[in-house]
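Below is one structure; the comments refer to it alone.
The values are calculated or read from the model by the stated rules, or taken from the named source; none is laboratory data. Predicted, not measured: the structure shown is a model, and the values here were computed from it. Ideal geometry is used to build each Cβ from the backbone, glycine not excepted, and the neighbour counts take in all protein chains shown. Only protein heavy atoms, including side chains, enter the accessible area calculation; ligands, DNA and RNA are left aside. Shrake-Rupley method; radii C 1.70, N 1.55, O 1.52, S 1.80 Å.
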Amino acid sequence: MTDTTPERLGVQDAADYLGVSRQTLYNLRSAGTGPASYLLGNRLKYDRRDLDLWVAQRKAATLVAG
């Protein structure tokens, strides 16, 4: 990770954490369907807990009752 705060990730680290490309994260953000993100100065940041929550929400939305 490039940040000194382990819970705050830059775009590349967030993309690596999710297993997607940087461009995918940018596209999701533009569409309003991606994980919560914010700007610190001119840098886009993601909190790890928001990434985990986003994955959990997507998982819940796609689970099929068996």
Please list, ordered by first then second residue, the pairs with beta carbon atoms under 6 Å, 6 or more apart or interchain, first in the stretch 42-56 and closer than 15 Å to residue 29 by Cβ, second of a type in the set (Val, Ile, Thr). 44/11
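Condition check: out of contact with any Asp or Glu (no Cβ under 6 Å at 6 or more places or on another chain), at pLDDT 95 or above and either part of a loop (DSSP other than H, G, I, E, B) or open to solvent by 30 Å² or more (accessible area, probe 1.4 Å) (or both). Does residue 52 satisfy that? Full working, then the answer.
Details: out of contact with any Asp or Glu (no Cβ under 6 Å at 6 or more places or on another chain): yes; at pLDDT 95 or above: yes; either part of a loop (DSSP other than H, G, I, E, B) or open to solvent by 30 Å² or more (accessible area, probe 1.4 Å) (or both): yes.
Judged against the criteria, residue 52 is a match.
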In the stretch 30-48, how many residues are outside any strand (DSSP E or B) and over 9 Å from the mean Cα position of the chain (by Cα)? 6
Scanning the stretch 23-49 for residues that are open to solvent by 100 Å² or more (accessible area, probe 1.4 Å) and either touching a Leu at 6+ places or on another chain (Cβ under 8 Å) or of a type in the set (D, E, K, R) (or both) gives 29, 43, 49
Do you know which of the residues in the stretch 1-24 that are part of a loop (DSSP other than H, G, I, E, B) and among the acidic types (Asp, Glu) is modelled with the lowest pLDDT? 3
